[in-house]
Amino acid sequence: MDLTQSAEWQQLKTHSTSIEESHLYDLFENDETRDKRFSFRNQDLFIDFSKQRIVPETLRLLTELAHANNLEEKIKDLFSGQRVNTFENRPALHSALRLPDYRTLELDDHDIVVDVHAQLKKMEILVERLHSAQARGYSGRPIRNVVHIGVGGSDLGPLMTNRALCDYPCPASHPLEVFFVSSMDGSQLSLLLKKLDASETLFVIASKSFTTLDTLANAETAKDWIMDRSNVDENLVLQNHFIGISANPEKMTSFGISEDNQLLFWDWVGGRYSMWSCIGFPIALQIGSTRFRELLSGAHCMDEHFRSTPLEQNIPVLMALIGIWNINFLDIHAHAVLPYDGRLARFPAYLEQLEMESNGKNTTLDLKSVDYATCPIIWGEIGPNAQHAFYQLLHQGTEKVMCDFIAPARRYNDIEEQKGSEILRRQHILALSNCFAQSRVLAFGDHALSATDDVPFYKRYHGNQPSTTILLDELTPFALGQLIALYEHKVFAQSVIWNINPFDQWGVELGKVMASETLSVLHGNNSLTEQKMDPSTLTLINEILNLQDK
Ligand code: F6P
């Protein structure tokens with residue numbers, strides 16, 4: 001039966017009419033235990049759903065919807081290596097990347113945990129060589145700069161994580177800096193190349209497919225740059241200055257990367273779920289291999305929770321269901337991610353890919369068009385900065401928006417070097433007070449004030465914007481691992497209810513085909529009239545060609 005026709009969906013529809021009429025202020029007035037009832041803890045992560053527009057009955061009906069859609073079985077399928085990515089006929093086993101080495105997981109009669117740990121070990125040996133200044137460039141000088149070239153899932157995870165864990169000192173015995181390059185137009189690379197010394201620079205080419213044009217264009221530029229400066233044989237340059245990370249070893253080899261310098265992952269790891277594989281190499285370089293393993297343990301801890309906790313207490317499941325409640329029953333289609341910690345600056349961008357590339361789908365697994373909304377528009381910014389940018393819309397605009405507030409409970413006392421940073425700790429408390437103040441105003445509006453009689457209409461706050469607050473005890477590798485895996489599993493649980501495939505991304509393919517076609521026109525290889533191009537694009541191309549002739 002179609003999802004929207006099911007009894008569970010219809011019951012939620014009926015239930016939503018009563019909630020539509022209630023204000024969060026009243027929901028709190030009517031239930032003094034809301035905060036306890038709707039908050040949960042898993043190890044270092046505490047989550048408060050009480051500012052969501054739900055009552056106990058909502059969660060009961062939502063979990064019934066989940067049971068009716070076999071969520072528990074689907075979770076088992078995910079972890080056991082069933083081909084849940086049906087359109088590509090592959091499992092989605094990112095959870096296997098964080099399994100401890102004493103576990104086993106058979107895929108096609110082969111224990112993939114052995115492969116995972118072999119690559120992890122190989123990565124750690126490379127990390128150690130770089131940390132101990134054994135890795136040397138063409139002139140014999142030790143490598144001091146590592147430039148990670150990748151895009152999308154081969155970039156955002158490590159980029160976000162290295163920023164998030166930037167307080168952890170790099171354990172290298174000599175200075176080592178890690179940089180990221182993703183943009184196709186070469187702007188990031190050109191800035192870096194101006195300041196780096198080629199003889200001390202290593203490039204890491206990260207691409208699951210090793211065919212992504214953005215990455216290959218940057219990689220070719222990087223190779224030419226070193227060749228120009230080194231005056232040595234190309235093989236020597238490639239051997240000493242290039243490492244590849246991919247699920248496509250043949251392509252790495254044809255680029256010229258030797259087997260010793262290749263780190264592998266597998267087609268059963270989706271690009272946007274790959275930071276736990278050797279794609280995490282720059283993370284291990286920055287924080288060290290031991291802490292990289294703590295990140296994996298944090299994610300594994302969330303895996304175990306997701307795999308074995310009843311739906312009613314299962315945090316990623318509840319997060320998913322509350323999202324579905326907001327989107328499909330309360331008609332909210334915008335989702336702001338608001339970390340109150342500058343180190344999580346790239347977390348919203350990471351989630352934009354994770355959620356929107358996964359669940360931005362309009363076709364069901366049985367090849368029908370959906371007749372319900374799926375993934376909402378997700379965007380975000382460091383909370384305190386966003387307060388001075390788009391919170392006006394959250395508070396007094398016309399759009400309904402759901403928000404995730406994220407903050408570490410403790411800061412500036414978690415790492416040895418920072419102990420006693422009393423002055424900075426004050427700033428952390430200031431950020432927390434803003435975080436809690438904003439979620440209060442969003443929820444309660446004017447009700448948060450003691451008196452509103454004299455407040456003019458244009459200064460009024462309606463409130464009733466739902467939010468979830470996630471507190472990490474501290475922003476450690478372990479807690480960050482938990483946080484990321486929480487969102488990964490939320491995305492999966494939502495995809496199950498929506499009956500869509502979260503592990504493919506056909507929607508980005510046509511743009512790539514059209515780009516190669518357009519490129520050949522821009523190179524003047526095809527006559528413009530031969531191409532069946534729209535007049536708008538032809539005019540734009542003509543503008544470029546005319547300007548380039550000048
Ligand atoms: O074009 C989208 C995409 O395929 C993402 O899913 C992926 O993370 C990114 O491109 C990069 O792909 P690759 O790792 O193969 O270079």
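Worth pointing out:
- Scoring A118 on the criteria (1) touching a residue at least 40 places away in the same chain (Cβ under 8 Å); (2) open to solvent by 10 Å² or more (accessible area, probe 1.4 Å); (3) within 30 Å of A219 (Cα to Cα); (4) of a type in the set (G, A, S) leaves a single failure, condition (1).
- Every test in (1) buried (at least 19 other Cβ atoms within 10 Å of the Cβ); (2) part of a helix (DSSP H, G or I) is passed by A92 save one, and that test is (2).
- Condition check for T211: open to solvent by 40 Å² or more (accessible area, probe 1.4 Å) and β-branched (V, I, T): yes
Each row is one residue, and each column tells you yes or no for (1) of a type in the set (F, W, Y); (2) assigned by TED's automatic domain parsing to the domain that holds P316; (3) part of a helix (DSSP H, G or I); (4) open to solvent by less than 20 Å² (accessible area, probe 1.4 Å).
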{"site": "L12", "(1), (2), (3), (4)": "no, yes, yes, yes"}
{"site": "S16", "(1), (2), (3), (4)": "no, yes, yes, yes"}
{"site": "L27", "(1), (2), (3), (4)": "no, yes, yes, yes"}
{"site": "D35", "(1), (2), (3), (4)": "no, yes, yes, no"}
{"site": "F40", "(1), (2), (3), (4)": "yes, yes, no, no"}
{"site": "I47", "(1), (2), (3), (4)": "no, yes, no, yes"}
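- For the range 157-184, the tally of residues that are touching a strand residue (DSSP E or B) at 6+ places or on another chain (Cβ under 9 Å) and within 14 Å of the ligand (Cβ to nearest atom) stands at 5.
- The range 330-369, subset part of a helix (DSSP H, G or I) and among the charged types (D, E, K, R), residue nearest to the ligand (Cβ to nearest atom): E357
- Residue that is nearest to the ligand (Cβ to nearest atom), among those in the range 186-217 that are in a helix (DSSP H, G or I) and charged (D, E, K, R): D214
- Failed criterion for R144 (all others in (1) buried (at least 19 other Cβ atoms within 10 Å of the Cβ); (2) within 16 Å of the ligand (Cβ to nearest atom) hold): (2)
- Considered as a group, the residues in the range 402-439 that are more than 16 Å from I470 (Cβ to Cβ) and assigned to a loop (DSSP other than H, G, I, E, B) include one that is modelled with the highest pLDDT, and that residue is Y412.
- Considering the conditions (1) assigned to a helix (DSSP H, G or I); (2) farther than 24 Å from N413 by Cβ; (3) open to solvent by 40 Å² or more (accessible area, probe 1.4 Å), H489 is excluded by exactly one of them, (3).
- Looking across the range 221-251, just one residue is within 13 Å of the ligand (Cβ to nearest atom) and in a helix (DSSP H, G or I), and that is K251.
- Some residue of the range 147-164 being surrounded by fewer than 20 Cβ atoms within 10 Å (Cβ to Cβ) and among the polar types (S, T, N, Q): no
- When residues of the range 493-523 are limited to those that are hydroxyl-bearing (S, T, Y) and at pLDDT below 90, the one most open to solvent (accessible area, probe 1.4 Å): S516
- Candidate set from the range 97-115 (those that are in contact (Cβ under 8 Å) with a residue 24 or more places away in the chain and in a helix (DSSP H, G or I)); member that is surrounded by the fewest Cβ atoms within 10 Å (Cβ to Cβ): D115
- For L120, the conditions (1) under 30 Å from L202 (Cβ atoms); (2) out of contact with any strand residue (DSSP E or B) (no Cβ under 9 Å at 6 or more places or on another chain); (3) within 16 Å of the ligand (Cβ to nearest atom) are fulfilled apart from (3).
- Criterion (of a type in the set (D, E, K, R) and within 22 Å of the chain's Cα centre (by Cα)) met by exactly one of R141, R98, R103: R98
- Scoring I322 on the criteria (1) of a type in the set (V, I, T); (2) assigned to a helix (DSSP H, G or I); (3) open to solvent by 10 Å² or more (accessible area, probe 1.4 Å) leaves a single failure, condition (3).
- Here E399 clears all of (1) within 23 Å of the chain's Cα centre (by Cα); (2) part of a loop (DSSP other than H, G, I, E, B); (3) within 23 Å of S50 (Cα to Cα) except the condition numbered (1).
- Within the range 336-392, the set of residues being under 23 Å from G507 (Cβ atoms), among the hydroxyl-bearing types (S, T, Y), open to solvent by less than 70 Å² (accessible area, probe 1.4 Å) and free of Cβ contacts under 8 Å to residues at least 60 places away in the same chain is empty.
- Residue within the range 447-463 that is of a type outside the set (K, R), open to solvent by less than 30 Å² (accessible area, probe 1.4 Å) and either assigned to a helix (DSSP H, G or I) or within 16 Å of the ligand (Cβ to nearest atom) (or both) present: no
- Meets criteria (in contact with a Gly (Cβ under 8 Å, 6 or more places away or on another chain), open to solvent by 30 Å² or more (accessible area, probe 1.4 Å) and in a helix (DSSP H, G or I)) for S254: no
- Residue within the range 131-139 that is under 30 Å from P348 (Cα atoms), open to solvent by 40 Å² or more (accessible area, probe 1.4 Å) and either part of a loop (DSSP other than H, G, I, E, B) or touching a strand residue (DSSP E or B) at 6+ places or on another chain (Cβ under 6 Å) (or both) present: no
The values are calculated or read from the model by the stated rules, or taken from the named source; none is laboratory data. Bear in mind that the values here come from a model prediction, so they are computed numbers and not experimental data. For neighbour counting, all protein chains shown are included, and Cβ atoms are generated from backbone atoms with ideal geometry for every residue, glycine included. Accessible surface areas use protein heavy atoms only, side chains included; no ligands, DNA or RNA. Shrake-Rupley method; radii C 1.70, N 1.55, O 1.52, S 1.80 Å.
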